[in-house]
Every structure is written in C-alpha cells, then in structure tokens.
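Undergrad: Got a structure for you, questions after.
The values are calculated or read from the model by the stated rules, or taken from the named source; none is laboratory data. Nothing here was measured: the structure is a model prediction, and the numbers come from that model. Please note: Cβ atoms are built from the backbone with ideal geometry, for glycine as well, and neighbour counts cover all protein chains shown. The accessibility values were calculated without ligands, DNA or RNA, using every heavy atom of the protein model including side chains. Shrake-Rupley method; radii C 1.70, N 1.55, O 1.52, S 1.80 Å.
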Amino acid sequence: MDNLSHTLVGIHLARLPAFRSIGPRLAFWTGVAASNAPDVDGVLRFWSERAYIFEHRGITHSLLAALLIAPLVAAIAGLVARRPLHRDFLPLLGLSLAGVAVHLFFDLITSWGTMLLLPFSHARLALPWVFVLDVVVWAILGIPLLRTAWRRRRGGIPDSIVRRSSVATLSVLSLYIALCALGHERARRVALAQLPDGAEPEEVLAFPVPPGPLLWTTAVRDANQVWHRGFASVLTGGVTHAGQVATGLDDPRVQVALETELGSTYRWFAAALYRASATELAADGSYEVTLADLRFSGPFREEVPFQLWMEIGPDFRVRAYEFRTGRLSAEEAAAAPSPIAGDEGGAW
C-alpha cells in the first residue's frame, strides 16, 4: 500500500499499551520508521524502470528481511535516543517487528503482492483485497488521529484514552480488511456465474477498483484461452460485461517473446497475461509485440498501464523494449460490447 497508510498504521502501533514503556516520542518515530522501512527498495526506481517494476517489494519485503530490518530499526532508534539498549531494546524490537510485519501484510493484500519467501522462492504472493490507494483506509486510520490531536489542543486528553482509541482503530481496520476479503470472493463468484453458456473456466480473478471496495475488475480465463472481462458490484451482485480478450499465448510471435529473459520475467510478473498487439514480420525478420496484464485494467479508463512493448530481432533476441501505457488491446478492444443497462445479473 501507499506510504501514507504505512505511516498512519505505524503511529497507531506506537500508541498500543504494549509499548507504553518506550515513551510517546520515541515510540512514534520508531513506529513510523519500522512501518516504512521495507520500502527502502524504492531506490530501484532511480536504477531502472525494469528493476523497479519487477523487483519492488522484493527482498526487503521478505520474511527473512523482516527478521533483519526490525532489530536494525530498534537498535538505531535506541542509539539515536540514547536509551540503554539492555533495558529498552526488547520493547523497541517488539514495536519494530509489529511495524514491519504490518507493512508486509498491507502489501500482501494488494494486487501487486510481495515476494515474501525470498530468497528461497521468487514467487510473488498476492491477496488482492484492497487497492493500493484506499481512501477508506486513510479515513479509518486518519480521522482518530485528527480527533485526538484536536482534543489535545483544546485542553488535553488522557493517555489511556489515546491508547484505547488506537486499539479500536486497528480493530475497525481489521474488520474492514475482512469485509474486503469477502467482497473479493463475492466478485469472483458472480463473475463465474455470469460466464456465457458453454464456457469452461480455468482461472477466476478479481481485483479491487479504486476507491474500493464496492467495485471489482473481474477476469475469467476459459479453456479456449480467452479472458472474459467484467466489472462486478458487490452491492447488487451484478456484473457488467466488458468484452473478451484472447490471451494470444498460442501466437508463435508471443511464444518467442516469452522465451526471452525479459518476456519470461514479464510472464512471471503478470497476473492475467495477454497479447495486447503484435505486428507482422518486417523485411528483416523482426517484429513488435506488446504484452499486458488485465490486472491493471479498470472501468474508468480505456488504457492499461505497465504494458511491455518489445521489438524482437530475426535472431529472436530483444532489440528494444519499453514499458508503456496503451490501449486495452489493439485487436480486441473495438469488439468489446458496451455495458447495457438491465444486463443479466444487473448493471451499474
């Protein structure tokens, strides 16, 4: 999730009764630092776009790294505050572990996911329950902080009330995430129920649409390697059909592209891979192909970000590549039906 959400939850963690002995000021900064520490890999964006897209939420977001980052944050916090570590290290470590763990969980429940098992496994794990920028999460975490700050300005507020407020806030946040998880499953079920007759589903996906959690992008891949796109409302239980997109994975041009190191990495990265476009062979035997991921499509725009355009040479190597935002599919978008009010299952 975004760093505002990480920061707000770090402040609430710092206020929990379990960390009372640390002191409010040190707890505040330790909670904020620990809750944002895994995003140190954000420096990858200055290295290359490819490294950032493929490796962000990598090793610094793994369980192994959490066991290294948390003690480091705790030790630095204690040393900067000139606290005796033999006395305060354990509570600082507890707060740091909580901050890093919640960060990993927050990133896990977005569609981007995180590589929790590095270096033992490169799998990107994701539970796409919450959009990466969720205004409901901001409200749940931010309003109580603004309220306590306002009350302090008007004459003070007992420390016990502040701590109980954060306990209640984190409880409400947990309930909201649970409701988002239920919404995800409901979106998958209604998408599956609205498949055309005769379609045999092989994969059913749902991704939250901002601001969430009422709307979901759904993608169902059938046995003919066609994605059935839709947008589900968890309130009405209906799906607005948004057309079909062939995966294109049986296209020899795509198969060659996926055999390259870059193409195979994109295949690993994509949750709902498909061919957005492919050109005919040029005179020298080269061609262009664009791979894309339906995970990043939505109901409010006709373009999909994080598409990978590649130029493949006659030697089957990548001559050039670029990450870009492009049309859903140069081949299929024009054929996609428009949402029709009264469609079976409801429309919104």
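Undergrad: Report Rg (one decimal) and Dmax (nearest whole number) for region 157-210, counting Cα atoms only, units Å.
TA: Radius of gyration, then largest Cα-Cα span, for region 157-210: 19.0, 64 Å.
Undergrad: So, one more: Please check the chain for the longest run free of trypsin sites (Lys or Arg not before Pro) that are loop-located per DSSP (anything but H, G, I, E, B) and have at most 15 other Cβ atoms within 10 Å.
TA: 155-300
Undergrad: Now for a different question. Could you work out the mean projected area of the convex hull around the alpha carbons of region 115-169, in square nanometres to one decimal?
TA: 6.0 nm²
Undergrad: Another question about this same structure. Put +1 on the Cβ of each Lys and Arg and -1 on the Cβ of each Asp and Glu in region 254-315; which of L273, F300, S286 then has its Cα farthest toward the positive end of the dipole?
TA: Of the candidates, F300 comes out farthest on the positive side.
Undergrad: What is the gain in length, in nm to one decimal, between A51 and R317 on full extension, counting 0.36 nm per residue of separation less the C-alpha to C-alpha distance?
TA: Extending this stretch completely gives an extra 93.8 nm.
Undergrad: A further question follows. Take the chain, connect every pair of alpha-carbon atoms lying under 10 Å apart with a spring to form a Gaussian network, then pick out the residue of I59, I161, I69 with the largest mean-square fluctuation.
TA: In this elastic network of the chain, the residue with the biggest mean-square fluctuation among I59, I161, I69 is I161.
Undergrad: N224: net charge of surrounding residues, Cβ under 12 Å, Lys/Arg +1, Asp/Glu -1, itself excluded?
TA: For residues surrounding N224, the net value is -3.
Undergrad: State, as an integer percentage, the relative contact order of the chain based on alpha-carbon contacts under 8 Å between residues 6 or more apart.
TA: Answer for the chain is 12 percent.
Undergrad: Which is the longest run of the chain containing none of the GluC sites (Glu not before Pro) found in DSSP loop states (not H, G, I, E, B) with at most 13 other C-beta atoms within 10 Å?
TA: In short, 1-279.
Undergrad: Treating only the Cβ atoms of Lys and Arg (+1) and Asp and Glu (-1) as charged, compute the dipole magnitude of the chain about its Cα centre; round to the nearest 20 debye.
TA: The calculation lands at about 2760 debye.
Undergrad: Another question about this same structure. At 1.4 Å probe size, with the rest of the protein present, what percent of the exposed accessible area of the chain is carbon and sulfur atoms?
TA: C and S fraction of accessible area: 62 percent.
Undergrad: When the scattering of region 95-191 is computed by the Debye formula from its Cα atoms alone, each counted once and equally, what is log10 I(q)/I(0) at q = 0.20, 0.21, 0.23 Å⁻¹?
TA: Taken in order of the listed q values, log10 I(q)/I(0) reads -1.07, -1.12, -1.23.
Undergrad: Sticking with this one: At 7 Å along the Cα-to-beta-carbon direction for both D284 and I157, put a label point, then send me their distance in nm to one decimal.
TA: That separation, rounded to one decimal, is 6.6 nm.
Undergrad: Simple spin-label model, 7 Å along Cα-to-Cβ: A246 to L72 in nm?
TA: Here the modelled spin labels are 4.9 nm apart.
Undergrad: Send over the per residue convex hull volume for region 65-129, Cα only, as a whole number of Å³.
TA: Taking the convex hull of the Cα positions in region 65-129, it is 80 Å³ per residue.
Undergrad: Could I ask something else about it? Mind pulling the angle between the C-alpha long axis of helix 3-14 and the longest principal axis of the chain? Nearest 10 degrees, somewhere in 0 to 90.
TA: Roughly 30 degrees between the two axes.
Undergrad: Helix-only estimate, please: 222 nm mean residue ellipticity of the chain, summing -39500 (n - 2.57) across DSSP H runs of length 4 or more and dividing by its residues, to the nearest 500.
TA: Theoretical 222 nm ellipticity from helices: -14000 deg cm²/dmol.
Undergrad: Whole Å is fine, so just give me how far the alpha carbon centre of region 157-178 lies from that of region 1-38.
TA: Going from one Cα centre to the other spans 13 Å.
Undergrad: On to the next question. Could you tell me the largest-minus-smallest coordinate of the C-alpha atoms of region 1-80 on each of the three principal axes, in descending order and whole angstroms?
TA: Between the extreme Cα coordinates on each principal axis of region 1-80 lie 44, 23, 22 Å.
Undergrad: Under a 1.4 Å probe, what is the accessible area of the chain per residue, stated in Å²?
TA: 49 Å²
Undergrad: Please give me, ordered by residue number, the chymotrypsin sites (Phe, Trp or Tyr not before Pro) of region 89-189 that lie in loop per DSSP and have at most 12 other Cβ atoms within 10 Å.
TA: Listed in order of number, the matching sites are F120.
Undergrad: Go ahead and set up a Gaussian network model of the chain, Cα springs under 10 Å, then flag whichever of D315, D39, D250 fluctuates most.
TA: D315
Undergrad: What relative contact order, as a whole-number percentage, does region 189-238 give when Cα pairs under 8 Å and 6 or more residues apart are counted?
TA: With pairs under 8 Å counted, the relative contact order is 33 percent.
Undergrad: Per the Kirkwood definition applied to all pairs of different Cα atoms, how many angstroms is the hydrodynamic radius of the chain?
TA: It works out to 22.3 Å.
Undergrad: Something else now. Expressed as a rounded percentage, what relative contact order does region 196-310 have, with Cα pairs under 8 Å and six or more residues apart?
TA: RCO, region 196-310: 16 percent.
Undergrad: Taking one equal scatterer on every alpha-carbon of region 133-289, how large is log10 of I(q)/I(0) by Debye at q = 0.13, 0.19, 0.20 1/Å?
TA: -0.77, -1.12, -1.17
Undergrad: Suppose the chain between V80 and A178 were pulled fully straight at 0.36 nm per residue; how much longer would it get relative to their current alpha carbon spacing?
TA: Computed gain between V80 and A178 is 31.5 nm.
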